Structures are given as C-alpha cells and as structure tokens.
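For reference, the structure discussed in these notes is given below.
The values are calculated or read from the model by the stated rules, or taken from the named source; none is laboratory data. Source: prediction; values computed, not measured. Neighbour counts run over all protein chains shown; Cβ positions are idealised from the backbone, glycine included.
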Amino acid sequence: MASVTALTILLGFFAAFCNLDLLDQATAPHTPHGGGVLAGVATSAFAPAVLVTFGLTILLLVAHLRALAGANAGGDDGAGGPFLVRRLTKATVLAAVAALLASSVLRLAAGGYLGGADDVG
C-alpha cells in the first residue's frame, strides 16, 4: 500500500509541475484556441484540475506521513488512518489524470501555440 501511495504522490506532483508553464499560457486572454467545444471544455477545466491536483497531493503526502508515523509509533491510526489515505490516493489519481488529459487536449487544440515539444529546435 505504501508503494502505491508514494507513486501517487509522485504522479500528482508531476502532473502539477509539468503543467505550470501551460497554466500560465492557457489562462492568458490572448491565447488562440481552435478545436471547438472540446478545446473550450479543456480550457475551462484545466486550471482547476491542476490546482486541485496540487492540493490533493499535498494532503495525501501529509496523511501518508501521519499514517507512517502512527504505524511506527505503534499507536492508533487517528484522523482516518489508512481509510483516509486510500480515499486521498484515489482522488489524487483522478485529479492528476484529469489535469494531464486537459493539458493534452489543450496542446493538441492550440495547434502548437502553447509550446511543448514543437518549441525545441
């Protein structure tokens, strides 16, 4: 269980931090968006998805560390224990996937205007 939680924490931080540059560009008022309805939905869902991913990842990290400290001390799990960690793990994975999907749709719909792999060279 601990390895799944640790990987989820890494996934959450990856999804939040790799989209910081896109978050700045996607929320700019002059950003050209093509692709119709799908791009509009991705644009409106992107910023909240990244922020929720970051917040849930931090909460998961704290809950996981508290659960580990409680297990090492031999005390009770307090504050929800493993149940809270499992729920936060699921929520963090869903938020990270939503953020990564929204960023992928934005990059595809913008036709290279938002950066990414096209900027190299």
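Structure values in brief
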quantity	calculated
Criterion (farther than 17 Å from SER103 by Cβ, in contact with an Asp or Glu (Cβ under 7 Å, 6 or more places away or on another chain), of a type in the set (A, V, I, L, M) and at pLDDT 75 or above) met by exactly one of ALA6, ALA67	ALA67
Residues satisfying the stated conditions in region 9-43, i.e. closer than 30 Å to LEU84 by Cα and either assigned to a loop (DSSP other than H, G, I, E, B) or at pLDDT 80 or above (or both)	ILE9, LEU10, LEU11, GLY12, PHE13, PHE14, ALA15, ALA16, PHE17, CYS18, ASN19, LEU20
GLY55 vs. criteria part of a helix (DSSP H, G or I) and either at pLDDT 90 or above or surrounded by 15 or more Cβ atoms within 10 Å (Cβ to Cβ) (or both)	yes
